[in-house]
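The structure appears below as structure tokens.
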Amino acid sequence: MTTVGNNVRVYEVAEGWAKIPDSIQLGYTHGIEVDETGNVYLFHTGKQSVIKFDQQGNYLSSWGDEFEDGAHGFLLHQENGQSFLYVTDTKRSQVAKLTLEGERLLTIDTPDLPDIYDETRRFVPTDVAVASNGDIYIADGYGQSWIHRYSADGERLHSWGGAGSEPGQLKCPHGISVDLRGAEPELYVADRGNNRIQVFTMEGEFKRIIDENMDMPCNFYYYNDEIVFPDLHSRITIFDKNDKLITHLGEDQQAYKQQGWPNLEDSYFRTNRFSSPHGVCVDSNGDIYVAEWTIKGRVTKLLRQS
């Protein structure tokens, strides 16, 4: 049995979990989500960009050729008892709301903000979050480092940020999530270029910075009162309800220092070490699923041990 973790938390690696048909060639595996029944959805930059698996990793279906080369941010969100997928497309500068079968319900294009966006200054959204009232928050991580707030029907309400390192300024706000663990909801932004998390009110007012025990945080997943996130520099990190470190998983401090990273030779990869984790989710059993940013794609399932 191959494991990751330490005396605080141990997981078994479910080797060969994702059974991908020969007809599908993975691209960069950027996002991964799990629904309430345990089915897992993978978002990658190849054709049929959304792949659905059951809890055992058996292939169920796939779709989404329109996201080829642009598939990036990926959120499964429940609204009135129904689940939807929110995705970002870095190639086409779009955010879309979809059914689990791929029907497009809403598209958000480049914000009409000529002081921020033009032909040379692109909108390149990397992640999306949705509040309980339906408001949509978009992180322009690869573009101009802004956060945009929209109503549920796609009307822009408010924007804030801009490039910089001062509180409230951002440098590649790569991930964004609504944190419901406290007395009131907050927005967590993975300010990856500044190697920190910034916390805002739902109205975009700066609250605080978290800058310990992380190494290029990508995005967030909440499980009970814990927060799990991929550090692009080769590990998964788990914080407790007070945003204090519980553990790092699969850490490899040499991976991101290799020439050619993240597109390393197949022989480099080890089942119990990560190289470039980019997306993460946790199912009802506490098992963790990891998608890595590498040209051929990589998906790992970690089975939580009692």
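Computed quantities for the displayed model
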item: Only one of G38, G31 that is open to solvent by less than 10 Å² (accessible area, probe 1.4 Å), on the phi > 0 side of the Ramachandran plot and modelled with pLDDT of 95 or more; result: G38
item: Residue tally, condition open to solvent by less than 40 Å² (accessible area, probe 1.4 Å) and either assigned to a strand (DSSP E or B) or free of Cβ contacts under 8 Å to residues at least 12 places away in the same chain (or both), over the stretch 224-245; result: 11
item: Criterion violated by Q305 - all others in (1) open to solvent by 50 Å² or more (accessible area, probe 1.4 Å); (2) without any contact (Cβ under 8 Å) to a residue 40 or more places away in the chain; (3) within 20 Å of N6 (Cβ to Cβ) satisfied; result: (2)
item: Candidate set: the stretch 246-259, residues that are assigned to a loop (DSSP other than H, G, I, E, B) and open to solvent by 50 Å² or more (accessible area, probe 1.4 Å); chosen: the one nearest to V189 (Cα to Cα); result: E251
item: Close pairs (6 angstrom Cβ cut-off, 6 or more residues apart or separate chains): closer than 10 Å to I288 by Cβ and among the hydrophobic types (A, V, I, L, M, F, W, C) in the stretch 1-13, part of a strand (DSSP E or B) and at pLDDT 95 or above anywhere; result: V4/Y11; V4/L249
item: Residue among G154, G143 that alone is small (G, A, S), open to solvent by 20 Å² or more (accessible area, probe 1.4 Å) and at negative phi; result: G143
item: Search result, residues across the stretch 49-76 that are closer than 25 Å to V124 by Cβ and open to solvent by 30 Å² or more (accessible area, probe 1.4 Å); result: W63, D65, E66, E68, D69, L75
item: The stretch 77-98, subset in contact (Cβ under 8 Å) with a residue 12 or more places away in the chain and not in a strand (DSSP E or B), residue surrounded by the fewest Cβ atoms within 10 Å (Cβ to Cβ); result: K91
item: Pairs with Cβ under 9 Å, 6+ apart, first in the stretch 101-118 and on the phi > 0 side of the Ramachandran plot and assigned to a loop (DSSP other than H, G, I, E, B), second open to solvent by less than 70 Å² (accessible area, probe 1.4 Å) and hydrophobic (A, V, I, L, M, F, W, C); result: G102/V50; G102/W63; G102/L85
item: Restricting the stretch 124-136 to residues that are part of a loop (DSSP other than H, G, I, E, B) and under 22 Å from H44 (Cβ atoms), the residue that is farthest from the chain's Cα centre (by Cα); result: V124
item: Answer residue from the stretch 167-187, given it is of a type in the set (A, V, I, L, M, F, W, C) and open to solvent by 60 Å² or more (accessible area, probe 1.4 Å) and is modelled with the lowest pLDDT among those; result: A183
item: Evaluation of I116 against (1) touching a strand residue (DSSP E or B) at 6+ places or on another chain (Cβ under 7 Å); (2) farther than 19 Å from E205 by Cβ; (3) of a type in the set (A, V, I, L, M, F, W, C); (4) open to solvent by less than 10 Å² (accessible area, probe 1.4 Å) (one fails), failing number; result: (4)
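The values are calculated or read from the model by the stated rules, or taken from the named source; none is laboratory data. Computed from a predicted structure; not experimentally measured. We place every Cβ from the backbone using ideal geometry, glycine too, and count neighbours over all the protein chains shown. These area figures cover heavy atoms from the full protein model, side chains too; ligands, DNA and RNA do not enter into them. Shrake-Rupley method; radii C 1.70, N 1.55, O 1.52, S 1.80 Å.
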